[in-house]
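Q: Got a structure for you, written out below as structure tokens; questions coming shortly.
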Amino acid sequence: MIRVVLPYHLRTLARVDGEVELEVEGPPSLRSVLDALEARYPSLCGTIREHGTLQRRPFVRFFACKEDLSHEPPDALLPAAITTGAEPFMIVGAMAGG
């Protein structure tokens, strides 16, 4: 079971409270977790990744085990602590401005 923490605005779109728990087939990677998340919550399609390219949208970041995974390849495997559910996979809306 993979635990996913969403920012407030995405929790609102998905109509969930708190963490989301996902079953991911095979070794969990960035791509497989995001695919499972969008399959379970279709309202999130296009909010985390671009529709056509599936590239991470600007101002969205991915964190796991206190590491920024935002620039990792989509098929990069997630740390073991994420796989076991000991730590959550976090999707964070980045802050910008002056």
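The values are calculated or read from the model by the stated rules, or taken from the named source; none is laboratory data. Keep in mind that what you see is a predicted model, and the values were worked out from it rather than measured. All Cβ positions, even for glycine, are placed from backbone atoms using ideal geometry, and neighbour counts span all protein chains on display. Quick note on the areas: whole protein, heavy atoms, side chains included, nothing else; ligands and nucleic acids left out. Shrake-Rupley method; radii C 1.70, N 1.55, O 1.52, S 1.80 Å.
Q: Taking the Cα atoms of the chain, what is the range of coordinates along each of the three principal axes, in descending order and whole Å?
A: That works out to 37, 27, 26 Å along the principal axes.
Q: Another question, if that's okay. Report, by chain and number, residues whose modeled amide H sits under 5 Å from the one on residue 69, excluding near sequence neighbours (fewer than 5 apart, same chain).
A: Under 5 Å from the amide H of residue 69: 62, 63, 64.
Q: Per residue, how many Å² of accessible area does the chain show with a 1.4 Å probe?
A: 60 Å²
Q: Further question: May I ask you to give the percent of accessible area on the stretch 2-93 that is carbon plus sulfur, with a probe radius of 1.4 Å?
A: 55 percent
Q: Step through the residues of the stretch 19-33 one at a time and calculate ³J(HN,Hα) from phi using the Karplus curve (6.51 cos²θ - 1.76 cosθ + 1.60, θ = phi - 60°), rounding each to whole Hz and writing x for Gly and Pro.
A: Working through the residues one at a time gives 6, 10, 10, 10, 9, 10, 7, x, x, x, 10, 3, 4, 5, 5 Hz.
Q: Provide the per-residue ³J(HN,Hα) series for the stretch 77-87, in order, calculated from phi with Karplus coefficients 6.51, -1.76, 1.60 and θ = phi - 60°, each as a whole number of Hz, with x at glycine and proline positions.
A: 6, 7, x, 4, 4, 6, 4, 7, x, 5, 10
Q: Considering only DSSP states other than H, G, I, E and B, which chymotrypsin sites (Phe, Trp or Tyr not before Pro) in the chain qualify as loop sites with at most 10 other Cβ atoms within 10 Å?
A: Qualifying residues, ordered by number: 59.
Q: Taking loop as defined by DSSP and a crowding limit of 15 other beta carbons within 10 Å, which trypsin sites (Lys or Arg not before Pro) in the stretch 1-57 fit?
A: 15
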